[in-house]
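The values are calculated or read from the model by the stated rules, or taken from the named source; none is laboratory data. Predicted, not measured: the structure shown is a model, and the values here were computed from it. All Cβ positions, even for glycine, are placed from backbone atoms using ideal geometry, and neighbour counts span all protein chains on display. When the accessible area is computed, the model is the full protein with side chains, heavy atoms only, and any ligands, DNA or RNA have been set aside. Shrake-Rupley method; radii C 1.70, N 1.55, O 1.52, S 1.80 Å.
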Amino acid sequence: MDSTALAPLGDGPHALQEAARLVVGTGNEHEPGTRWSYYNGNYILAGAVLAALSDTSYERAVAKTLLGPWNLSRTSFDAPRDATTGWDGPTELPLLGYPRSRRPSGGLWSSVPDLLAAGEGLLADRALLDDIRRPRTTPDDPVVQGLGWALGSSGQMYLNGRLPGYRAAMLLIPDKDYVSVVVTNQQHALHAAARVLSDMQQPLTNDDLATAIDRFAA
């Protein structure tokens, strides 16, 4: 299932639940636990479960369980008034809304200070951190993956995000209490952002992760 199947669901209060039903109805490409594959439908299911367990909307559940407790005051599903314009090369791109049915897979507006604070919050919660970074993949899979994060050979955790006009990447080294973030408003800047993150962590690990960070979930 791809994003075009979710477009007709609109942005009503039940859009996420309908999206989750479509994901379940589509089924799995492989038997669970036999093969790694990056799939945004997994995030949609997780978001629907969070909303159901919280007995509220997904957006309110995120605010209650994450944004509020970690004081992420500059992070929201609503575009801020001073939102930075995204670019595709020399072309300025309009601000686009992120469909409500897909929000567990993206759509949050944030800032570098808030993303660093989120990384620090994760580093401080060792029980949550250890669960997230426990490998879920097999030796035959093309990457080593925890819950949502790719894992480097020296214990790094990294990911990137991509939307038209914007690119972002984040890297943690839990054993060094280290977190770094790069956010850009240029659609073609992910390769450079990955190089910056890799170069910053390399003195701590001797690993070159630029290619891996760039290719995350590609």
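Taking amide hydrogens as placed 1.01 Å from N in the peptide plane, the amide H of residue 146 sits under 5 Å from those of 136, 151, each at least 5 positions away in sequence or on another chain. Amide H contacts of residue 159 (H built 1.01 Å from N, in plane; Pro and chain starts excluded): 170 sit under 5 Å, all sequence-distant by 5 or more or on other chains.
Using all Cα-Cα distances in the range 110-196, what percent lands in each 5 angstrom bin from 0 up to the longest? Values per bin, smallest distances first: 3, 14, 23, 23, 18, 13, 5, 0. The Stokes-Einstein estimate for the range 144-191, based on a Kirkwood radius over Cα pairs and taken at 25 °C with 0.890 mPa s viscosity, is a diffusion coefficient of 214 µm²/s. Between residue 35 and residue 204, the simple spin-label model (points 7 angstrom out along Cα→Cβ) gives 3.6 nm. Here the range 37-102 and the range 158-218 have alpha carbon centers that stand 20 Å from each other. Between residue 71 and residue 131, the distance separating the two model label sites (each 7 Å from Cα on the Cα→Cβ line) works out to 2.4 nm. Loop-resident trypsin sites (Lys or Arg not before Pro) (DSSP state other than H, G, I, E or B) in the range 19-112 with no more than 10 further Cβ atoms inside 10 Å of their Cβ: 81. Of the accessible area of the chain, computed with a 1.4 Å probe over protein heavy atoms only, carbon and sulfur atoms account for 54 percent. Overall, the range 146-218 carries a charge dipole of about 280 debye about its Cα centre when +1 sits on the Cβ of Lys and Arg and -1 on the Cβ of Asp and Glu, all other atoms neutral.
What the chain shows is 57 Å² of accessible area per residue, with the surface traced by a 1.4 Å probe over protein heavy atoms.
Subtracting the Cα-Cα distance of residue 124 and residue 78 from their residue separation scaled by 0.36 nm leaves 13.8 nm. Accessible surface of residue 36, taken over heavy atoms with a 1.4 Å probe and every protein chain present, rounds to 60 Å². Computed from phi, the 3J(HN,Hα) profile of the range 83-88 under the Karplus parametrisation 6.51, -1.76, 1.60 (θ = phi - 60°) reads 4, 6, 5, x, 10, 10 Hz, with x in place of Gly and Pro.
Semi-axes of the equivalent ellipsoid for the chain, computed as √(5λ) from the eigenvalues of its C-alpha gyration tensor and ordered from largest down, come to 26, 22, 19 Å. The residue list 39, 119, 23 was ranked by how far each Cα lies along the charge dipole of the chain toward its positive end, using unit charges on Cβ atoms, and 23 comes out on top.
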